[in-house]
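Undergrad: Please find one structure pasted underneath; my questions will follow.
Please treat every number below as a calculation from the coordinates, not as lab data. For clarity, every value in this text was computed on a predicted model and none was experimentally measured. Reconstructed Cβ throughout: ideal geometry from the backbone, glycine too, with neighbour counts over all protein chains shown.
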């Protein structure tokens with residue numbers, strides 16, 4: 001079964017608004033990552049947050065991690081049309097040598 | 001740098017036919033992975049390798065075989081293709097001992113089994 005579950009499955013907002021996506025997972029992790037996938041393309045790494053971190057920023061991206069609730073959120077501020085894509089969380093479970101991906105959130109930015 | 005290259009990009013098979021997907025990376029990465037992506041299912045791990053000559057099963061290994069004879073290449077084989085194997089296949093790689101398995105993905109291989 002998948003480690004990560006994402007919410008919502010789809011999100012549609014107006015350009016300039018903020019977009020928030022959530023990810024929940026089941027077991028202890030070393031780190032949690034977020035990836036973006038444009039239509040018909042491979043996944044691209046966005047940001048990584050380690051289990052001992054609570055918040056991390058990268059440009060317009062802000063990621064939070066709550067290990068007590070086994071959840072993470074990805075915030076994209078001041079969204080742009082180019083942010084239209086699917087976003088996936090992936091967890092690196094303790095002792096594992098592989099990432100397990102969630103089902104993804106499909107984000108649409110309307111001009 | 002090419003990064004991770006997958007061939008072929010598209011393939012149509014008939015049920016029962018066999019084929020091999022090739023993944024090549026030029027980053028000297030130790031770990032390599034094969035995922036499949038189906039609508040609404042996210043990415044599911046098929047097989048992976050933590051070094052030349054080693055392979056391990058992932059979440060959905062049935063119907064697939066893999067080989068890692070050279071460090072830079074990871075092959076995914078379908079011995080007798082079934083319609084359930086219609087999917088988009090992604091290869092990914094990462095460096096060993098990086099402290100975090102940040103994956104570099106290929107562009108994907110779209111396989112249709114009729």
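Undergrad: Can you give the average number of partner chain beta-carbon atoms within 10 Å of each beta-carbon in peptide B:37-46, as a whole number? Show your work: numbers first, answer last.
TA: Numbers: counts 7, 0, 1, 3, 4, 13, 12, 3, 4, 0.
Mean partner-chain Cβ count within 10 Å for B:37-46: 5.
Undergrad: Could you work out the relative contact order of chain A? I mean the mean sequence separation of Cα pairs under 8 Å and 6+ apart, divided by the number of residues, in percent.
TA: Numbers: 281 pairs, mean separation 43.0, N = 111.
Across chain A, relative contact order equals 39 percent.
Undergrad: Cα convex hull of chain A: how many Å³ per residue? Spell out each step's value before the answer.
TA: Working: hull volume 10.5 nm³, N = 111.
Taking only Cα atoms, chain A has a hull volume of 95 Å³ per residue.
Undergrad: Using only the alpha-carbon atoms, what does the protein assembly as shown span along each of its principal axes? Please give whole angstrom values in decreasing order.
TA: Principal-axis extents of the Cα atoms in the protein assembly as shown, largest first: 48, 38, 35 Å.
Undergrad: Normalised by the number of residues in the range A:14-66, what is the relative contact order in percent for Cα pairs under 8 Å and 6+ residues apart? It would help to have the intermediate numbers written out before the result.
TA: Working: 51 pairs, mean separation 12.3, N = 53.
After rounding, I find 23 percent.
Undergrad: In what order do B:34, A:34 fall by count of nearby beta-carbon atoms within 10 Å, going from fewest to most? Could the numbers behind the result be given before it?
TA: On the way: B:34 28, A:34 25.
By the 10 Å Cβ count, ascending: A:34, B:34.
Undergrad: When a footprinting reagent is the concern and you count Cβ atoms within 10 Å, what order do B:93, A:73 take, fewest first?
TA: Details: B:93 26, A:73 17.
Ranked by crowding around the Cβ, least crowded first: A:73, B:93.
Undergrad: Okay, moving on. What is the fewest-to-most order of A:50, B:11, B:36 by other Cβ atoms lying within 10 Å of their Cβ? Provide the component values of the computation, followed by the final result.
TA: Working: A:50 14, B:11 17, B:36 23.
Taking fewest neighbouring Cβ atoms as first place, the list is A:50, B:11, B:36.
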